[in-house]
Amino acid sequence: MILALETSCDETAAAVLDGDDLRASVVASQAELHARYGGVVPEVASRRHLELVVPVAREALTRAGARLQDVERVAVTQGPGLIGALLVGLSAAKALAWARRRPLVPVDHLRGHVASLHLPPDPVWPPFLCLLATGGHTLLLEVREPASFSVLGTTLDDAAGEAFDKGARLLGLGYPGGAAIDGLAREGDAEAFAFPVARVGGLDFSFSGLKTALLYTVRDLGAEEAEARKADLAASYQRAIVRALVERARAAAERTGLERLAVVGGVAANSELRASLPDAAFAPLALCTDNAAMIASAARFTDPVPYPDYLSLDAYA
Ligand SMILES: Nc1ncnc2c1ncn2[C@@H]1O[C@H](COP(=O)(O)OP(=O)(O)OP(=O)(O)O)[C@@H](O)[C@H]1O
Ligand SMILES: [Mg+2]
């Protein structure tokens, strides 16, 4: 039985995984706390994690019907993420593991996103090609072993989720904006504006030109017209992001010969992306944005550090 903690950004999360059985997954989002700043404020996130990490871990154990002494391993996100936020989770996990003399499993957050695919109801196992699209990363990965990968392509500037968030901000949709654009786009015409799809070399991505194109379009329309055409802008903007992701994923499939494509990360929740890749496997909706279930899942395939050697472990930003 694994108890996992995840505190890399603005979600305080804990999960209990028993073999294949996800007994509990609790996510306390701080999104509302950061919304008024238009993005995550690292120090505010750290302080909130500090308040939430114990109650969230306790809630996960309660929902799982388990006690701390039942936990065989404690897993935790070691990085990458906000360093102060990570340190809160890592310190809490060390304390929990140490108190019971259990091993600790430090997990890479991106491996965690990939491992969200290895959970019920429809677990996906390697080999497969993986599109990882989050607020911080856009990666095409070749996955040959569970929760591990080699990188085929990455973004040269903004991540896909970041492009959604910046676009949403320009359209006055608040933070985080991916889901808001997704919702508004359903009422708009995706062909109304021709936003560029960057075609950089290899299997890499670029979204900064698209963001600038939206900025100029909104400016040229003027405030009133931009407001009136907000749904069309959202739909056209989303179409350009989705097109870039789909094109590159198809090119990677061709290049690697990998027949199966799987999509993970917050942007995998996007309805147009899901519709555009009908043959792809998608992480369960609840496991797309940050959660601890995926960290527990990856921990099954990561070497544990024995008691008490992990006390000197550090997080990486
Ligand atoms: N329906 C949606 N459509 C598009 N984007 C979405 C949707 N839902 C969430 N997102 C985006 O997903 C991102 C958050 O995903 P996630 O939690 O995986 O990223 P992160 O943890 O911040 O980044 P990383 O994992 O790289 O550290 C945000 O940018 C958000 O706007
Ligand atoms: Mg993440």
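Each value in this text was obtained by applying a stated rule to the coordinates, not by laboratory testing. As the structure is a prediction and not an experimental result, all values here were calculated from the model. Note: ideal-geometry Cβ built from the backbone for every residue, glycine included; neighbour counts use all protein chains shown.
Would you compute the Debye intensity of segment 215-306 from its alpha-carbon atoms alone, equal scatterers and no solvent, and pass along log10 I(q)/I(0) at q = 0.10, 0.11 Å⁻¹ to two decimals?
Each listed q maps to, in turn, -0.43, -0.50.
Find, among the GluC sites (Glu not before Pro) in segment 209-267, those assigned to loop by DSSP (not H, G, I, E, B) with at most 14 other beta-carbon atoms within 10 angstrom.
Details: sites: Glu224, Glu225, Glu227, Glu247, Glu254, Glu259; in loops: Glu259.
When the GluC sites (Glu not before Pro) of segment 209-267 are filtered for loop state and at most 14 Cβ neighbours within 10 Å, Glu259 remain.
Collect residues whose amide H, placed 1.01 Å from N in the peptide plane, falls under 5 Å from the amide H of Gly153; neighbours closer than 5 in sequence don't count.
Sorted by chain and number, the residues that satisfy this are Leu140.
Which whole-number percent gives the relative contact order of segment 124-283, counting Cα pairs below 8 Å spaced six or more residues apart?
Once divided by the residue count of segment 124-283, the mean separation gives 28 percent.
Please report the antiparallel percentage of the DSSP beta bridges confined to the chain, to the nearest 5.
Just about 60 percent of them are antiparallel.
I need the phi-derived Karplus couplings for segment 123-132: 6.51 cos²θ - 1.76 cosθ + 1.60, θ = phi - 60°, integer Hz, Gly and Pro marked x.
Working through the residues one at a time gives x, 10, 10, x, x, 7, 9, 10, 9, 10 Hz.
Among 86-92, 26-32, 51-57, 303-309, what's the highest-first ranking by average C-beta atoms within 10 angstrom per residue?
86-92, 51-57, 26-32, 303-309
Could you work out the relative contact order of the chain? I mean the mean sequence separation of Cα pairs under 8 Å and 6+ apart, divided by the number of residues, in percent.
RCO, the chain: 25 percent.
Rg and Dmax in Å for the chain, alpha carbons only: what are they?
Considering the chain through its Cα atoms, Rg and Dmax are 19.9, 63 Å.
Among all the lysines, which ones have a C-alpha under 20 Å from Lys211's C-alpha, if same-chain residues fewer than 8 places away are not counted?
By straight Cα distance, Lys211 reaches Lys166, Lys230.
Restricting the count to DSSP beta bridges whose residues both fall in segment 124-283, what percent are antiparallel, rounded to a multiple of 5? It would help to have the intermediate numbers written out before the result.
Numbers: 10 of 17 bridges.
Bridges in segment 124-283 that DSSP calls antiparallel: roughly 60 percent.
Counting helices only, and only those DSSP H runs with n ≥ 4, report the 222 nm mean residue ellipticity of the chain as the sum of -39,500 (n - 2.57) divided by its residues, in deg cm²/dmol to the nearest 500. Display every interim value, and only then the final one.
Working: 11 runs with 131 residues, N = 317.
For the chain, the value works out to -13000 deg cm²/dmol.
Calculate the length of the line joining the C-alpha centroid of segment 273-301 to that of segment 44-86, in whole Å.
Value for the Cα centre distance between the two parts: 20 Å.
To the nearest 10 degrees, how steep is helix 208-221 against the longest Cα principal axis of the chain, on a 0 to 90 scale?
50 degrees
With θ set to phi - 60° and the Karplus curve 6.51 cos²θ - 1.76 cosθ + 1.60, what are the ³J(HN,Hα) couplings of segment 49-56 in order, to the nearest whole Hz, using x for Gly and Pro?
4, 4, 6, 8, 4, 6, x, 5
On a full-extension model of 0.36 nm per residue, what is the gain between Glu43 and Ala95, subtracting their alpha-carbon distance, rounded to one decimal in nm?
Between Glu43 and Ala95, full extension yields 16.5 nm more.
If you keep only loop residues by DSSP, which GluC sites (Glu not before Pro) in segment 117-188 have at most 16 other Cβ atoms within 10 Å of their Cβ?
Those satisfying the criteria are Glu187.
Compute the long axis of helix 83-99 from its Cα atoms, compare it with the longest principal axis of the Cα atoms of the chain, and write down the angle in degrees, 0 to 90, nearest 10.
Approximately 20 degrees, to the nearest 10.
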